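Below is one structure; the comments refer to it alone.
The values are calculated or read from the model by the stated rules, or taken from the named source; none is laboratory data. This structure is a prediction, so every number in the text was calculated from the model and none was measured. Methodologically, a virtual Cβ is constructed for each residue, glycine included, from the backbone with ideal geometry; neighbour enumeration extends over all protein chains shown. Side chains are part of the model used for accessible areas, which takes the heavy atoms of the whole protein and leaves out ligands, DNA and RNA. Shrake-Rupley method; radii C 1.70, N 1.55, O 1.52, S 1.80 Å.
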Amino acid sequence: MKLQPSLYYSHTLIDQTVVTGDYVIDATAGNGNDTSYLSSIVGNKGRVYSFDIQSAAINNTKKLLSERKQLDNVTLYNCGHENIGKLIKEKITCAIFNLGYLPGQNTNKSIITHSDTTLRAIKACLNLLKKNGLVIIVLYYGHPGGQQEKNDVINFASKLNQKFFTVLKYQFINQINEPPILIAIQKKKDEVR
């Protein structure tokens, strides 16, 4: 399967950050591809916490993981990612978000991620993040409501204190139709003020 460039780069960043035994979060399970990818890296001693508000997404993810025999190190949560701070207590090495709607031909594209819950989830992940860990956010914004979420996430990330976080923005500048933008936030210190 050929990944689109933003996803390919997100996996490159994951490869440089996540190792066997790590705890990680897929904040938007979708069709399960990132959950499966993370599961293959963290192995039996690690754990993937995967969230999605849509039952269809959780079912798709569970089916994919079952086919690949990867259910043992994954916990699936059929709830919004804004619950990460309540449900996850372990320190994590990485979290990934693919914002927008559940991809696929027969999905409800009116169910989208929203700034308020997304920002709560990102903040929770930053609090759980180990030193040198990453929060990766792929912004899909070519749908109603997407521009606002994109702007809010970029605004939030751009104001993070550079003493504690490094923020990368990776995007295409010659593509039409709102190509995805990738934001990567790396934590520099364990203690953040």
*Volume per residue, Å³, of the convex hull around the alpha-carbon atoms of the range 38-193?*
128
*Using per-residue counts of other Cβ atoms within 10 Å, averaged over each peptide, order 152-164, 22-34, 128-140, 168-180 from highest down.*
22-34, 128-140, 152-164, 168-180
*In the range 72-193, what percent of the accessible surface is made up of carbon and sulfur (1.4 Å probe, ligands and nucleic acids excluded)?*
48
_Gain on full stretching of the segment that runs from K63 to Q147 - 0.36 nm per residue minus C-alpha separation_ = 27.1 nm
*Can you tell me the accessible area per residue over the range 1-76, all protein chains present, probe 1.4 angstrom, in square angstrom?*
49
*Please figure out what share of the DSSP beta bridges in the chain is antiparallel and state it in percent, rounded to the nearest 5.*
45
*Amide H within-cut-off set for N132, under 5 Å, with H built and near neighbours excluded*: K187, K188, K189
